[in-house]
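Student: Before I ask anything, let me first share the structure, which is written out below as structure tokens.
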Amino acid sequence: MATNTVRYILRGQSCNRRVQGHLRPCDTITHGSRGCSSDRQKSAKSSAFKPEADSTHDWIGPPNRLSNIRPITYHIPAEETALERRLRRLRQQTEVWNHEFWAQQNVTFSKEKDEFIRCQLTANGLADRDERGHKHTLSSEQMAVFYKSFLDSNRTRHANYNKEWYRRNLTITLLMGRVALTNAWKTIADRFRKTSGSPT
């Protein structure tokens, strides 16, 4: 059976039987990870949500607080083929990989930025906060020094990420094409058999 491309966004951090009042349709996403069972949900770190057993759609949740990646829970058809299963699992693995990369990257960025600000304030003889309790901040020119330094020091890491991202998405796209062609051929064959078997 073809992968269902109708998606819904969850507007909230938790869901229950009344969650359907907080859903709206969203666009199709061609990469990421989805799942509706222990085999289907490989991204438990980014989402623990599980839809109703009779759900027939993929579900997209709110952005993870660390990675900013929206967790996706895939619907698994009852008659999922081996090729569809391969596609779904690659999407799941890709979402987990993507989530873990950006969670780590964002945490590292925040820590290094805070340390840079603290060092600059100390060098200028300033505390973290003024006498009113307001946090001291740096100018955009001062922060530009940190942003450039961070990008330079992570250039190779980002380049490797981009290469792997394109490789995974190309594989996913090719698998989606194979699934679509297989299902289209099956539909045509089924119609031909029904037509051939009909009395004239």
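Student: So how many residues does region 109-146 have that are open to solvent by 100 Å² or more (accessible area, probe 1.4 Å) and within 25 Å of the chain's Cα centre (by Cα)?
Tutor: Narrowing region 109-146 to residues open to solvent by 100 Å² or more (accessible area, probe 1.4 Å): 111, 118, 129, 131-132, 134-135, 137, 141.
Then keep just the ones that are within 25 Å of the chain's Cα centre (by Cα); that gives 111.
Qualifying residue count, region 109-146: 1.
Student: While we're here: Going by the structure shown, is Ala78 small (Gly, Ala, Ser) and under 22 Å from Asn169 (Cβ atoms)?
Tutor: On the way: small (Gly, Ala, Ser): yes; under 22 Å from Asn169 (Cβ atoms): no.
No; evaluated as a whole, the condition is false for this residue.
Student: Within region 170-191, track down each residue that is at pLDDT 95 or above and among the basic types (Lys, Arg).
Tutor: Arg178
Student: On to the next question. Would it be correct to say that Glu141 is in contact (Cβ under 8 Å) with a residue 60 or more places away in the chain and charged (D, E, K, R)? Please lay out each step first, then the result.
Tutor: On the way: in contact (Cβ under 8 Å) with a residue 60 or more places away in the chain: no; charged (D, E, K, R): yes.
It is false that Glu141 is in contact (Cβ under 8 Å) with a residue 60 or more places away in the chain and charged (D, E, K, R).
Student: Restricting to region 113-133, what's the tally of residues that are over 25 Å from Leu151 (Cα atoms) and at pLDDT 90 or above?
Tutor: Selection size over region 113-133: 0.
Student: Still on this structure: So Thr182 ticks every box in (1) in contact (Cβ under 8 Å) with a residue 40 or more places away in the chain; (2) of a type outside the set (A, V, I, L, M); (3) open to solvent by 70 Å² or more (accessible area, probe 1.4 Å); (4) over 30 Å from Trp59 (Cα atoms) but one. Which box is left unticked?
Tutor: Among (1) in contact (Cβ under 8 Å) with a residue 40 or more places away in the chain; (2) of a type outside the set (A, V, I, L, M); (3) open to solvent by 70 Å² or more (accessible area, probe 1.4 Å); (4) over 30 Å from Trp59 (Cα atoms), the lone unmet condition for Thr182 is (4).
Student: Moving to a separate point now. List the residue pairs whose Cβ atoms are under 8 Å apart, where the first residue sits in region 82-101 and is in a helix (DSSP H, G or I), the second is open to solvent by less than 60 Å² (accessible area, probe 1.4 Å) and among the aromatic types (Phe, Trp, Tyr), and the two are 6 or more positions apart or on different chains.
Tutor: Arg88/Tyr74; Arg91/Tyr74; Gln92/Tyr74; Asn98/Trp165; Phe101/Tyr161
The values are calculated or read from the model by the stated rules, or taken from the named source; none is laboratory data. Everything numeric in this text was worked out from a predicted model, so none of it was measured. Cβ atoms come from the backbone with ideal geometry, glycine included; neighbour counts cover every protein chain shown. Please note that ligands, DNA and RNA were not included when accessible areas were found on the heavy atoms of the full protein model with its side chains. Shrake-Rupley method; radii C 1.70, N 1.55, O 1.52, S 1.80 Å.
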